[in-house]
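> Attaching a single structure in C-alpha cells format; questions to follow.
None of the figures in this text is laboratory data; all of them are computed from the coordinates on show. What you see is a predicted model; the values in this text were computed from it and never measured. Don't worry about glycine lacking a Cβ; one is built from the backbone with ideal geometry, like all the others, and counts go over all protein chains shown.
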Amino acid sequence: MTAQTARPRLAVLVSGSGSNLQAILDAVAAGDLGVEVCCVISDNPRAFGLERARNASIPAQAVPFKSFSVRAEFDRALAQVLAAVDPDYIALAGYMRIIDSDTVMRYQGRLLNIHPSLLPAYPGLHTYARALAAGERWHGTTVHFVIPELDAGPGILQYRVPVAATDTEQTLRTKVQEGEYQIYPRALQWLAEGRVTLVGGQALIEGAPLPTPIIMEAGT
Ligand code: GRF
C-alpha cells in the first residue's frame, strides 16, 4: 500500500448560504481541488453553510458574533479557533465580518476572499445594486488575497458577465455566482499548488508578477 500524501488543509469561513463552500466541497469530491476542507467556521450559528459542512462530515463550528459585546473579544475567539485548527489555507466564502489585521497578517498569502464585483470597482456591500444603478456594462466577481484593507488585496482571478438591460439584482447575482463556483475552486487549487503566491504585497503566478487578475468570461 502506498502512503497517501497529506493534502493541504483548508478552513472555510461562511456567514450564510454557503453556496461557494458547496462549490469548493464539490470540486474536492470531483478531484479538481487537492485540499482537505478541515473545518467550516461561521460567525452566524444559523448559517446554512454549517449544515452543508455537517452533511459532508466536516467539522463545523460557530463563533457567534452576537454573543460578544466587545469586538476585540470576538476577534480573539476567532483567532483562537483558527490557531487550534491550524489550517494551511483559509477561504472566506460569503464571510460577512472584517477579519482583524493581526489575524490577516498571521495568514498573509494563505488567506483568500471572493468579492462580488470586478475589483477595484465596488468594494463593500450592495455591489449588484450599485453596478446596476451606475449603468455598468460589465459586472462580475474577484478572488483576491486578503490584506488588512477591505476588498483591496491583489486579485488572482475574475469572472465577468455582460450586464443586460433587463437584468435585476437577482438575475445578475445568479449569473455572477455561476462564475464564482468556477473561479474560487480554481484559484484555491493554484494556491494549494504554490502556483500563485503573495510576495512583498504583490500577487505572483508561477513566479511572475500578476499586476491585474486573470479574467474569465462565461464559456471560457
Ligand atoms: C458570494 O456571492 C460572495 O461573492 C460574497 O458573498 C456571497 C456568498 O454566497 N462574498 P454563498 O454564501 O457562498 O452562497
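> Between Ala62 and Leu132, how high is the FRET efficiency from 1/(1 + (r/R0)^6) when r is the Cβ-Cβ distance and R₀ = 25 Å? Nearest 0.05. List each step's numbers first, then the result.
Numbers: r = 33 Å, r/R0 = 1.34.
So, using R0 = 25 Å, E works out to roughly 0.15.
> Give, to the nearest whole percent, the P(r) tail of segment 1-87 beyond 20 angstrom, counting all Cα pairs.
Values: 1420 of 3741 pairs.
Every Cα pair in segment 1-87 considered, those over 20 Å come to 38 percent.
> Follow-up. The chain: Rg/Rh from Cα coordinates, Kirkwood Rh?
Working: Rg = 17.0 Å, Rh = 17.8 Å.
That ratio is 0.96, to two decimals.
> In nm, to one decimal, how far is the Asp102 label point from the Glu149 one, both placed 7 Å along Cα→Cβ?
For Asp102 paired with Glu149, the spin-label model returns 2.4 nm.
> Quote the Stokes-Einstein diffusion coefficient, in whole µm² s⁻¹, for segment 108-220, based on the Kirkwood radius over alpha carbon pairs, a temperature of 25 °C and a viscosity of 0.890 mPa s. List each step's numbers first, then the result.
Numbers: Rh = 14.2 Å.
This corresponds to a translational diffusion coefficient of 173 µm²/s.
> Right, next: Run through the DSSP bridge list for the chain and note the antiparallel percent, rounded to the nearest 5. Kindly include the intermediate steps, with their values, before the conclusion.
On the way: 17 of 37 bridges.
The antiparallel fraction comes to roughly 45 percent.
> For segment 23-63, just say rounded, prolate or oblate: build the C-alpha gyration tensor, square-root its eigenvalues into a ≥ b ≥ c, call rounded for a/c under 1.5, and beyond that prolate if a/b exceeds b/c, oblate if not.
On the way: a/c = 2.58, a/b = 2.20, b/c = 1.17.
Verdict is prolate for segment 23-63.
> Could you work out how much longer the chain between Arg195 and Gln170 gets when fully extended? Use 0.36 nm per residue separation minus the Cα distance between them, nm to one decimal.
On the way: separation 25, 0.36 × 25 = 9.00 nm, distance 3.42 nm.
My answer for the length gained is 5.6 nm.
> If you place +1 on the Cβ of every Lys and Arg, -1 on the Cβ of every Asp and Glu, and leave all else neutral, what size is the dipole of segment 126-220 about its Cα centre, to the nearest 20 Debye?
Numbers: 7 positive and 10 negative charges, 18 e Å.
Dipole magnitude for segment 126-220 comes out near 80 debye.
> Whole Å is fine, so just give me how far the alpha carbon centre of segment 85-128 lies from that of segment 152-200.
Taking the Cα centre of segment 152-200 as reference, the centre of segment 85-128 is 13 Å away.
> Would you mind computing, in nm to one decimal, how far apart the modelled labels at Ile215 and Val85 are, each placed 7 Å from Cα along Cα→Cβ?
Those two pseudo-labels are separated by 3.4 nm.
> Oh, and also: Leu13: net charge of surrounding residues, Cβ under 9 Å, Lys/Arg +1, Asp/Glu -1, itself excluded? Before the final figure, lay out the partial values.
Details: positive: Arg97; negative: Asp43.
After counting each charged neighbour, the total is 0.
> Also, I was wondering about something else. Can you work out the FRET efficiency for the pair Arg7 and Asn55, with r the C-beta to C-beta distance and R0 = 30 Å, to the nearest 0.05? Intermediate values should be presented prior to the final figure.
Numbers: r = 20 Å, r/R0 = 0.68.
FRET efficiency, Arg7 to Asn55: 0.90.
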